[in-house]
Structures are given as structure tokens and as C-alpha cells.
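For reference, the structure discussed in these notes is given below.
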Amino acid sequence: MNTFDITRGDSPVILGQPHGGTWLPDSLTARLNDNGRKLADTDWHITRLYDGLLDGATVVRSNVHRYAIDANRDPAGVSLYPGQNTTGLCPVTDFDGNPIWAEGQEPSEDEILTRRDTFHAPYHSALADEIERVKARHGVAILYDCHSIRSSIPFLFDGTLPVFSIGTNDGQTCAARIQCLTADPCLNATGMDTVINGRFKGGWTTRHYGRPETGIHAIQMELAQRAYLAAEAAPWAYDPKTAAPTRTILAKILKNLDHLARSGALT
């Protein structure tokens with residue numbers, strides 16, 4: 001089993017997909033409780049949602065489920081949102097705060113380090129290599145990190161999440177023009193709401209790689225799953241009709257970013 005896959009393209013845009021994988025080693029699956037085995041916190045069908053939206057986009061996707069390791073968390077285990085409820089590098093609860101491991105089967109500190117070396121580090125090594133390859137070709141690289149989540153999770157946030165949550169760590173991880181070109185199609189979408197740097201300001205991936213002064217820009221898109229699933233519950237079925245208008249907006253964003261990077265305006 002490959003723990004990650006790469007689709008290599010010639011665009012300046014790279015799609016990171018750290019949470020769409022559902023694979024776990026049998027040894028870990030056996031240690032999950034019934035709740036954990038539901039894998040409810042997956043970014044369901046994220047690869048399908050973005051498939052074909054931008055010709056030439058490079059895609060780096062993890063196949064490993066986030067319950068083994070969260071590839072969008074600080075490898076040192078530091079919280080991205082101090083003082084707020086969240087899940088860690090190797091989660092012990094789901095997004096509702098409920099245990100996911102059978103009693104006594106939570107990962108030890110040594111096991112967390114092993115999982116980090118086995119799953120987290122290889123994914124980010126591959127992602128870093130693609131960023132450098134793309135930057136060498138174009139003089140600039142835009143990492144667009146693809147995420148999705150249930151619309152309502154009281155343990156993590158109040159109320160209902162907007163359809164589009166855009167994160168740039170308060171403008172630090174990309175050029176202002178990139179944030180605008182990402183946000184504008186969302187803000188102009190009928191019947192879809194948007195927030196910029198709200199509850200989700202960008203995870204470790206966005207914050208780690210986004211260094212605009214070096215020509216590497218990063219932005220996170222967190223989508224509410226009501227924008228493309230038939231229902232935000234098992235069996236988490238993809239709904240092409242629901243997804244169609246969302247895909248139209250996402251395609252516009254990615255094409256705008258591609259054009260901006262190719263134009264030389266970021267170099």
C-alpha cells in the first residue's frame with residue numbers, strides 16, 4: 001500500500017489532500033472502537049470533488065486515514081488553535097470529542113513518534129519536493145490545500161460552518177491577490193456563504209509552507225460537506241448534482257490562481 005500518491009502536472013498550482021485517505025493498517029483498525037471504525041472525520045471524496053478542475057495541477061494526496069496520523073498537524077504536536085477544542089497529531093477522539101480507540105489502546109508517545117516517521121514525514125517530503133519542482137519551473141508555486149468537514153460540529157465550532165472557509169493565517173501565507181482570487185468567486189456565489197480566516201485559519205501545511213517572500217504561497221479551503229454530499233452522514237455518498245455548482249466555483253478559483261502565477265505577477 002502506497003501511503004501517498006502523486007499526480008504530477010505542469011501547472012504552478014499544487015493541490016494538497018492530506019485527509020481524504022481511508023487506509024489504516026489492520027493492526028490499528030483492530031484497536032479502534034466501534035465509533036472509531038466509522039472513520040466519520042474523513043474528508044470524504046475530496047479527490048473526486050477536485051478531479052479535472054484544473055488541467056496540469058499537481059496533486060499530492062495521503063492515503064492514510066487521519067486516525068493513524070494527522071498530516072495537517074504540527075509534527076511536534078503543538079496545537080494550531082490554543083485554547084480551542086481540536087484533535088491532535090494522533091487523535092484520541094473524533095470531532096465530537098468521543099473516544100475512537102478501544103480502552104487502553106490509545107497511542108503511546110513512542111508510537112506517535114513511529115507513526116510520524118512512517119506516515120507524516122513521507123507525505124510532507126513528497127509535498128515539499130513537488131513544491132520545489134513547481135517553483136523551479138515557474139519561479140513561484142501555489143499550494144492549495146483541499147479540505148472538507150461536516151457543517152455542524154458543536155465540539156469544534158458554534159453554529160453552522162459556512163460553505164467556504166478560507167485560511168491564510170490572517171494573510172501571512174500568501175499574496176493578498178491569491179486570497180482575493182480565491183475568495184471572490186465564493187463571495188459572489190448564490191446561496192453559499194463564505195468566511196475568511198474564521199474558525200479555520202489554515203492548518204500546519206498552510207502555515208509551514210506559505211512563505212510568500214520566497215515565492216511559495218499557500219492557502220487552505222475548508223468546504224462544508226453539504227456542498228457536495230448527499231448527506232453528512234454514513235454512507236457519505238457523493239452527490240454529483242449537489243457538487244456541480246461547487247465544482248464550478250472551485251474550477252474558477254483554480255484557473256484564476258493558475259493564470260495569476262503564469263502571468264509573472266507573483267515573481
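The values are calculated or read from the model by the stated rules, or taken from the named source; none is laboratory data. Computed from a predicted model, the values in this text were never measured in an experiment. Glycine gets a Cβ as well: all are built from the backbone with ideal geometry, and neighbour counts include every protein chain shown.
The residues on offer are ALA251, ALA261, ALA234, and the sole one that is among the hydrophobic types (A, V, I, L, M, F, W, C), closer than 27 Å to LEU39 by Cβ and in contact (Cβ under 8 Å) with a residue 40 or more places away in the chain is ALA234.
Comparison of ASP129, ASP74 shows that the only residue that is among the acidic types (Asp, Glu) and over 15 Å from the mean Cα position of the chain (by Cα) is ASP129.
If you check LEU181, LEU229, LEU223, which single one turns out to be hydrophobic (A, V, I, L, M, F, W, C), out of contact with any Gly (no Cβ under 8 Å at 6 or more places or on another chain), under 19 Å from PRO12 (Cβ atoms) and in contact (Cβ under 8 Å) with a residue 12 or more places away in the chain?
LEU181
Pairs linking a residue in the range 1-18 that is buried (at least 24 other Cβ atoms within 10 Å of the Cβ) to a residue that is among the polar types (S, T, N, Q) and assigned to a loop (DSSP other than H, G, I, E, B), with Cβ atoms under 9 Å and 6 or more positions apart or on different chains, are GLY16/ASN72; PRO18/ASN72.
A Cβ distance below 9 Å, combined with a sequence gap of six or more or placement on separate chains, defines the contacts here; from the range 159-173, residues that are in contact (Cβ under 8 Å) with a residue 40 or more places away in the chain and crowded, with 22+ Cβ neighbours inside 10 Å reach residues that are part of a loop (DSSP other than H, G, I, E, B) and of a type in the set (Ser, Thr, Tyr) in the pairs LEU161/SER151; LEU161/SER152; VAL163/SER151; GLY167/THR173.
Among the residues of the range 81-132, those identified as under 30 Å from SER11 (Cα atoms) and out of contact with any strand residue (DSSP E or B) (no Cβ under 6 Å at 6 or more places or on another chain) are ARG116, ASP117, THR118, HIS120, ALA121, PRO122, HIS124, SER125, ALA128, ASP129, GLU132.
Summed over the range 191-244, the residues that are within 14 Å of ARG48 (Cβ to Cβ), part of a helix (DSSP H, G or I), within 16 Å of the chain's Cα centre (by Cα) and not polar (S, T, N, Q) give a count of 1. Out of ARG133, ARG150, ARG137, ARG199, one residue alone is among the charged types (D, E, K, R) and modelled with pLDDT under 95. It is ARG199.
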